[in-house]
Amino acid sequence: MTFNWFDRAAQAEEPAILSPEEKTIPAATPAPEEALTFAKAAYERLKQKQQAAAAAKLALESVAEEAVSDAGDVKPVELESPIAAIESASELISESVSDPEIITETEAPEIRPLWMQTQAETEARLEEFRSTAIVAEPEPIIATTATKTVEYVLPPDLILDDGFSWSAEVLASQGRRVEDISLEEITWLKRLRQGLDKTRRNLVNQLKAIVGQGPLNEDAVEEIESLLLQADVGVAATDKIIAGLQAKLRQEVLPPDQAISFLKQLLRDMLDAPYTTGGYKRAFSPEKDKLNIWMMTGVNGAGKTTTIGKITHVASKSGYKCLIAAADTFRAAAVEQVKVWGERSGVDVISNPGQNTDPAAVVFDAISAAQSRGTELLLIDTAGRLQNKKNLMDELAKVRRIIDKKVGDDVRIETLLVLDSTLGQNGLQQAKVFSEAAQISGVVLTKLDGTAKGGIALAVVEQLGLPIRFIGAGEGIEDLRPFSGYEFVEALISG
C-alpha cells in the first residue's frame with residue numbers, strides 16, 4: 001500500500017473531530033498512563049500488520065516456487081533409443097496397414113526387407129520385456145509450502161521504546177486513532193526528535209529549570225527571552241513570544257505545566273501565521289494526473305541538490321511520476337551529483353552533456369520530456385548564487401520566464417528556497433533577496449540535526465512571512481519530510 005506523505009501532511013494539520021466514543025485517547029496532551037496504553041496498542045497493531053505483510057510475501061514466494069517447480073517437471077524431448085525407435089516404427093506400420101492378413105498371405109521371406117524380417121521377432125521381445133518389467137511406483141509429491149514457517153524479523157524502527165511512545169503520543173494528540181498510525185510516521189517522528197536533540201538540550205533543559213521554580217513571573221519571562229535568542233529564534237519572533245507570555249501573566253498565574261503548554265501554543269500559532277494571515281495555502285502537494293513544476297533555489301552549500309533527491313524520493317513513494325532537470329550547469333560535478341540522487345530515487349534526470357550550457361535550455365528540454373512522458377512532478381535544480389550577484393539573480397528570473405512561457409497557466413509552478421539551518425540569522429538575509437526575485441512559495445530547512453539553533457524556523461516565518469514546506473533532520477534519503485508545525489514544536493519542546 002502506497003503511503004502518501006503529502007496527503008498525510010494536509011490531514012495532520014487539521015485533525016478530524018472525533019466523538020467521545022470514537023476517541024481512543026484525548027486530543028489534548030494525554031496522561032502518561034493513557035499515552036503508554038495507546039503506544040502499546042499502536043505497537044501491537046503495527047506488529048500484526050508487519051507479520052501479515054511478511055506472511056503474504058511468503059505466500060507469493062511459495063506460489064512462484066511452485067510455478068518454477070511445475071515448469072521444471074516438464075521433461076525435455078530426448079532422442080529415442082534403438083528399441084524405442086523400432087517400437088514406434090512398428091506401431092506406425094500397424095496403424096497404416098488396414099489388413100495385416102494380406103501381408104501375411106503375400107509375404108515372401110526371401111524378398112522381405114530387413115525391417116520386415118525382424119518385425120515379428122522385435123514385437124515378441126518387447127512383449128517379453130513388458131511382462132517381466134518391474135513398474136516403479138511414482139514417489140508422492142510432498143507439499144513443502146504447508147510445513148514452511150514464517151521467519152519474521154521486526155523492522156529496526158518497530159521497537160517499543162521511549163521514541164516510539166513519544167511518537168505515538170504526538171500522533172494521538174492530533175486525534176489519530178490506533179488503526180490510522182503507520183510505521184512510516186513513527187519512524188519519521190523519531191528521526192525528527194533525534195535531529196532536534198541539540199536544540200532541545202540547550203533550550204528545554206534550561207526552560208524547564210526556569211518554570212520548575214514555581215509559577216511563571218516577570219523574572220522567569222526575561223530568562224526565557226534570553227533562551228529564545230540563544231536558539232536563534234530572532235528578535236522579532238522572541239519579542240512576539242514574550243509579549244504573549246506577559247499578556248497571559250497579567251490575566252492569571254501559570255503553573256509550570258500550563259506555562260509550557262501555553263508557550264508551545266504560541267510557537268504553533270506563529271508557525272501557522274502564513275496560512276492564517278499570510279494568504280498561503282496550507283496544502284502543498286503535487287496535483288495528480290497533471291504536470292507540477294517545482295524549482296529549487298538557494299546559495300551553494302545549502303543542500304539544493306540533496307533536497308531534490310530527497311523530495312523526489314518522498315514523491316515517488318507517495319505514488320507520483322517524477323522527473324529531474326539538472327539545470328545547475330555552472331557548478332563543477334553538479335550534474336553528476338543530481339544523477340546519483342536520481343539513481344537512488346529511481347527517477348530519470350534530464351541534462352545537457354556540455355559544460356556551462358544555458359540553464360534555460362535544459363529547463364525547456366526537461367519540460368518537453370515531462371509533457372511527453374506524463375510526468376506529474378518535475379523538479380528543477382538551479383545554480384547556487386549569492387543574493388548580491390545581480391546577473392545570477394537575473395538568470396534565475398529568466399528561467400522562471402521560460403517556464404511560464406512554455407507551460408502557460410495549465411501547470412502549477414512552485415519555487416522553494418533551500419536554507420541551511422546552521423547559518424542562522426545570516427540565512428535570513430539571503431532569503432529576503434531570493435523572495436523578491438523568485439516568487440518564493442515556501443522554505444525548505446535543511447541540516448537541523450547539525451545545529452543547536454533550530455529556532456531559525458520561527459525566525460524565517462516571523463521575519464519573512466514564508467511558510468516552511470519541508471524540513472530535513474539528517475543526511476539519509478529518508479530524513480526529509482513535509483513540515484508540520486505541531487510536530488516540530490512537540491519535538492522541540494517536549495521531545
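The values are calculated or read from the model by the stated rules, or taken from the named source; none is laboratory data. Just so it is clear, the model here is predicted, and its values are computed rather than measured. Here the Cβ positions follow ideal geometry from the backbone for every residue, glycine too, while neighbour counts run over all protein chains shown. What goes into the accessible areas is simple: the full protein's heavy atoms, side chains included, and nothing from ligands, DNA or RNA. Shrake-Rupley method; radii C 1.70, N 1.55, O 1.52, S 1.80 Å.
Some observations on this one:
- Of the residues making up the stretch 362-387, those that are modelled with pLDDT under 90 and open to solvent by less than 10 Å² (accessible area, probe 1.4 Å) are THR382, ALA383.
- Scoring VAL347 on the criteria (1) within 19 Å of the chain's Cα centre (by Cα); (2) among the β-branched types (Val, Ile, Thr); (3) assigned to a helix (DSSP H, G or I) leaves a single failure, condition (3).
- Condition check for GLY485: small (Gly, Ala, Ser) and open to solvent by 10 Å² or more (accessible area, probe 1.4 Å): no
- Residues located in the stretch 22-46, provided they are open to solvent by less than 60 Å² (accessible area, probe 1.4 Å) and either assigned to a helix (DSSP H, G or I) or modelled with pLDDT of 75 or more (or both): ALA35, PHE38, ALA39, ALA41, ALA42, TYR43, LEU46
- Residue that is farthest from LYS321 (Cα to Cα), among those in the stretch 253-301 that are open to solvent by less than 40 Å² (accessible area, probe 1.4 Å) and part of a loop (DSSP other than H, G, I, E, B): LEU254
- When residues of the stretch 422-470 are limited to those that are farther than 26 Å from LEU189 by Cβ and open to solvent by 50 Å² or more (accessible area, probe 1.4 Å), the one modelled with the highest pLDDT: GLN463
- Some residue of the stretch 303-324 being among the small types (Gly, Ala, Ser), out of contact with any strand residue (DSSP E or B) (no Cβ under 9 Å at 6 or more places or on another chain) and surrounded by fewer than 23 Cβ atoms within 10 Å (Cβ to Cβ): yes
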